[in-house]
Amino acid sequence: MGEPAPAHRYPLLLGVGLVGILATLAGLFVGTWLVLAGAIVAVAGFAAFLLAPSPIDPRGWQPPPAPAMVGVLAPNRTLADAEILAAGQVSGPEDLVLTPDGRTLFASSFGDGRIVRIDVTGKTPRVVDHAKTGGSPVDMALRSDGSLVVCDWSKGLLLVSPAGQVSTLLPLGTPIDGRPFVRPDGVSEAADGTLYLSEGSDRPGVWNGVFEALEANNYGRVVAFDPATGVAWTVVDGLSFANGNAIEPGGRFLVVADQYRYRIARLWLTGPDAGRIDTFAENLPGLPHNMRYDADGVLWVGLYQGRDATLDRISPRPGLKRIIAKLPATAVAGPERIAEGKPGRGAVIALDQAGRPVRYFAGPPSRVDTVSAVVRHGNSLYVSTLTGDAILRLRLPA
């Protein structure tokens, strides 16, 4: 891949081509000289657009046919009926953590750098600021002493004390096995104190979700970090955006979202299979994001959004994806989806201990457009979003 052109030049080159076409059409009525000039400009503009180096280096891969949305996966609007909490009091609550008693919910407010604490016991949950990271907090893990370990896209791996004091455990940019630690996006703590960190991607340049989806490259990994020694090392590599992770309640293995492959990978931590990497669940009906185990050993996963048939069709064609990445962002991703009254794109899926779907809830309200995190306590299910300003609470049947 050559050095990509500045983003503003791609639409400029397309514009030149379109001007040429218009001039050619006008020339049909004015004179042949304008037809020729317009054709030359059109060819030059479109040729320059096609030949300009792409901003991405995509990998071709063949997604499996999307699962049939029947049975457990049947379409529904269950989340549309959920109770809305903290409306307007959070900005992109990317992750959720519940205290063991289920009384206090912590949310990472990505858009404004806060960790908020919500008392969910009353009729009207009370939201207060717990800490300010000064960055962009995403995934969190609650430790037994009441402190929070927080992944922050602008800061690295942070520690938030029970009193809300923030310190740094692993700074952004720290070299780990020859690569800088740049995009922490998931954290779980093992029984021995080791922290397992998903690093979504170390793709060079400014973060661009559309580019990541088109590239489907193997930039993601899982890093193990020992807070006592400050030593970190890679334990899983080659993931297509490693998102949230979770440790099985018995501590036998770690599961991690391999987001743009629609799968959840598994790293065995103990026993004769320790160190082996395999698949826990695959061909999911959407993009897996954050995940949490409940007390019954069921894994609850936020599906950021459902499968996109167009993306699946172009996934095996890296050449086409190089061209698409040059188009204006709205032409690729579409206009902003958050609009009052418009159903959200995300969903929640629950997987049993064999990785099979046992629950599926879809149709969130517009202000919880995509689903980034889900956590269950008893018959209460809490759902959050990176692209909205509220949290949902769904009451599960007994």
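Output yes when any residue across segment 173-188 is closer than 25 Å to HIS130 by Cα, surrounded by fewer than 21 Cβ atoms within 10 Å (Cβ to Cβ) and modelled with pLDDT of 95 or more, and no when none is. There is no residue in segment 173-188 that is closer than 25 Å to HIS130 by Cα, surrounded by fewer than 21 Cβ atoms within 10 Å (Cβ to Cβ) and modelled with pLDDT of 95 or more. Output the number of residues of segment 116-139 satisfying the condition of being closer than 28 Å to ARG183 by Cβ and assigned to a loop (DSSP other than H, G, I, E, B). The total comes to 4.
Scanning segment 244-255 for residues that are crowded, with 20+ Cβ neighbours inside 10 Å and either farther than 16 Å from VAL149 by Cα or of a type in the set (Lys, Arg) (or both) gives PHE253, LEU254, VAL255. The number of residues in segment 146-197 being among the polar types (S, T, N, Q) and either more than 27 Å from ARG103 (Cα to Cα) or not assigned by TED's automatic domain parsing to the domain that holds THR133 (or both) comes to 3. Please determine whether any residue of segment 303-317 is surrounded by 22 or more Cβ atoms within 10 Å (Cβ to Cβ) and either assigned to a strand (DSSP E or B) or out of contact with any Lys or Arg (no Cβ under 9 Å at 6 or more places or on another chain) (or both). Checking segment 303-317: at least one residue is surrounded by 22 or more Cβ atoms within 10 Å (Cβ to Cβ) and either assigned to a strand (DSSP E or B) or out of contact with any Lys or Arg (no Cβ under 9 Å at 6 or more places or on another chain) (or both).
Can you tell me which residues in segment 256-283 are surrounded by fewer than 20 Cβ atoms within 10 Å (Cβ to Cβ) and outside any loop (DSSP other than H, G, I, E, B)? Listed by number, the residues that qualify are TRP268, ILE277, ASP278, THR279.
Go through segment 69-92 and give me each residue that's part of a loop (DSSP other than H, G, I, E, B) and closer than 30 Å to LEU157 by Cα. ALA86, ALA87, GLY88, GLN89, VAL90, SER91, GLY92 - these are the residues of segment 69-92 that are part of a loop (DSSP other than H, G, I, E, B) and closer than 30 Å to LEU157 by Cα.
Before we move on, is ASP237 over 14 Å from the mean Cα position of the chain (by Cα) and outside any strand (DSSP E or B)? Judged against the criteria, ASP237 is not a match.
Say whether the condition of being under 16 Å from VAL223 (Cβ atoms), in contact (Cβ under 8 Å) with a residue 24 or more places away in the chain and either touching a Pro at 6+ places or on another chain (Cβ under 7 Å) or surrounded by 16 or more Cβ atoms within 10 Å (Cβ to Cβ) (or both) is met by at least one residue in segment 124-139. Yes; the residues of segment 124-139 include at least one that is under 16 Å from VAL223 (Cβ atoms), in contact (Cβ under 8 Å) with a residue 24 or more places away in the chain and either touching a Pro at 6+ places or on another chain (Cβ under 7 Å) or surrounded by 16 or more Cβ atoms within 10 Å (Cβ to Cβ) (or both). The residues of segment 140-158 that are surrounded by fewer than 18 Cβ atoms within 10 Å (Cβ to Cβ) and either touching an Asp or Glu at 6+ places or on another chain (Cβ under 7 Å) or part of a strand (DSSP E or B) (or both), listed by number, are LEU142, ARG143. Selection of segment 189-204 for residues being of a type outside the set (A, V, I, L, M, F, W, C), touching a residue at least 40 places away in the same chain (Cβ under 8 Å) and either surrounded by fewer than 18 Cβ atoms within 10 Å (Cβ to Cβ) or within 24 Å of GLY60 (Cα to Cα) (or both) yields GLU189, SER198, GLU199, GLY200, SER201. Tallying residues that are over 22 Å from VAL358 (Cα atoms) and out of contact with any helix residue (DSSP H, G or I) (no Cβ under 9 Å at 6 or more places or on another chain) within segment 63-92 yields 7. Against the test of being closer than 24 Å to ALA347 by Cβ, outside the structural domain of SER240 (by TED's automatic domain parsing) and either at pLDDT 95 or above or of a type outside the set (A, V, I, L, M, F, W, C) (or both), the options PRO64, PRO137, PRO58 yield a single qualifying residue, PRO64. Here ASP95 fulfils each of the conditions (1) at pLDDT 95 or above; (2) in a loop (DSSP other than H, G, I, E, B); (3) under 23 Å from the mean Cα position of the chain (by Cα) apart from (2).
Among the residues making up segment 258-275, a single one is without any contact (Cβ under 8 Å) to a residue 24 or more places away in the chain and aliphatic (A, V, I, L, M): ALA274.
The values are calculated or read from the model by the stated rules, or taken from the named source; none is laboratory data. The shown structure was predicted, so the numbers you read here are calculated from the model rather than taken from an experiment. We place every Cβ from the backbone using ideal geometry, glycine too, and count neighbours over all the protein chains shown.
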